Amino acid sequence: MKNNKRISKLLKLDCGQCSSCCRDIQVDVTDADVKRLVKHTGISADRLVRLYGHNKDDKDIEGDWFKLSYGKRAIVLNKKRNGDCMFLGKDNGCIAYKARPMTCRIFPVCAVYDEEHDIVNLEKSEVITDKTITCKCSPGRGQTYNNIMSTAKRARIEHAAFIRKIDHWNKRVKKGSKNDFLRFIGLYISTNGSR
């Protein structure tokens, strides 16, 4: 995929610090995202994530759903009681910025992949275009083409590895619980109820 005028304009979007993306949407995470956050924050994986139940109307990629003893689930970043991302600071900034999930790193851009998992296009994130959130991103300096492509490729590699783990889990006869799944994908689980 080559950089063109439309993509150059898209990449110049700057965050408006409205934090709508940190309040109003579920942030899907991979095991690599969670491992970065565990290392950065010291919080165990079972406290960082929660499970999102499968809804027959969900249009998410089938591979992101894993089967537990009590149904299909996806793994998403945990939220505070008020619905905000658990890492949203008082100044609308991310307190885990250096370890934030790949989805957050590329936002407000979304990479489009073909069947071979090659990046074929960059678009404005669907949650902005379909007005799921009221994002206040605006033209500015944004990100460089090389930076966004590097991040998108890294996200693709991490996601593909995560999907392989989910596929392996889903082939098991015994499905287990959230913590069983988290252990299976190599994540640390707290044993004493603390961090």
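Read-outs throughout are calculated quantities, based only on the coordinates presented, and are distinct from any laboratory measurement. In this text the structure is predicted, and so the values were computed from the model without any measurement. In this analysis, Cβ positions are derived from the backbone assuming ideal geometry, glycine residues included, and neighbour counts consider all displayed protein chains.
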What's the local net charge at residue 13, with K and R +1, D and E -1, over the other residues with C-beta under 13 Å away?
+4
Over the chain, what is the relative contact order in percent, taking alpha-carbon pairs closer than 8 angstrom and at least six residues apart?
35 percent
Report the extension gain between residue 171 and residue 130 in nm, rounded to one decimal, defined as 0.36 nm multiplied by the number of residues separating them, less their alpha carbon distance.
11.3 nm
For segment 28-45, 3J(HN,Hα) per residue [Karplus equation, 6.51 cos²θ - 1.76 cosθ + 1.60, θ = phi - 60°, Hz, x = Gly/Pro]
5, 10, 9, 4, 5, 4, 5, 4, 4, 5, 4, 4, 6, 9, x, 8, 5, 4
Which cross-chain or sequence-distant (5 or more) residues have an amide H under 5 Å from the amide H of residue 109, H modelled 1.01 Å from N in plane?
125
Listed by chain and number, the residues whose amide H is under 5 Å from that of residue 89, excluding neighbours fewer than 5 places away on the same chain and using placed H, are 94, 95
Work out the length of the dipole vector of segment 1-50 about its Cα centre, built from +1 on the beta-carbon of each Lys and Arg and -1 on the beta-carbon of each Asp and Glu, and round it to the nearest 20 debye.
360 debye
Cross-link pairs beyond the 19 Å C-alpha cut-off, checked among 39/174; 79/178; 35/98; 79/175
39/174; 79/175
What residue among 137, 87, 8 has its Cα farthest toward the positive end of the dipole of the chain, where the charges are +1 on Lys, Arg and -1 on Asp, Glu, each on the Cβ?
87
What are the extents of the Cα atoms of the chain along their three principal axes, listed from largest to smallest and rounded to whole Å?
51, 41, 31
Only Lys, Arg (+1) and Asp, Glu (-1) charged, at Cβ; the chain dipole about Cα centre in debye
600 debye
Exposure proxy check: 123, 116 ranked by fewest other beta carbons within 10 Å?
116, 123
For the chain, which cysteines have no second Cys with its Cβ under 4.7 Å from theirs?
15, 18, 21, 94, 104, 110, 135, 137
Using just the helices of the chain, give the 222 nm mean residue ellipticity in deg cm²/dmol: DSSP H runs with n ≥ 4 each add -39,500 (n - 2.57), and the total is spread over all residues, rounded to 500.
-9500 deg cm²/dmol
Answer in debye to the nearest 20: the dipole magnitude of segment 106-164 about its Cα centre, from +1 Lys/Arg and -1 Asp/Glu charges placed on Cβ, is 400 debye
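Which order, highest average first, do 88-95, 180-187 follow once you tally other Cβ atoms within 10 Å for each residue and take the mean per peptide?
Answer by packing, highest mean first, reads 180-187, 88-95.
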Expressed as a whole number of Å, what is the distance separating the alpha-carbon centroids of segment 92-127 and segment 2-45?
6 Å
Which lysines, if any, have their Cα less than 17 Å from the Cα of residue 131, not counting same-chain residues under 8 positions apart?
59
Treating the angle as unsigned and between 0 and 90°, give the value, to the nearest 10°, between the Cα long axis of helix 145-170 and the longest Cα principal axis of the chain.
20 degrees
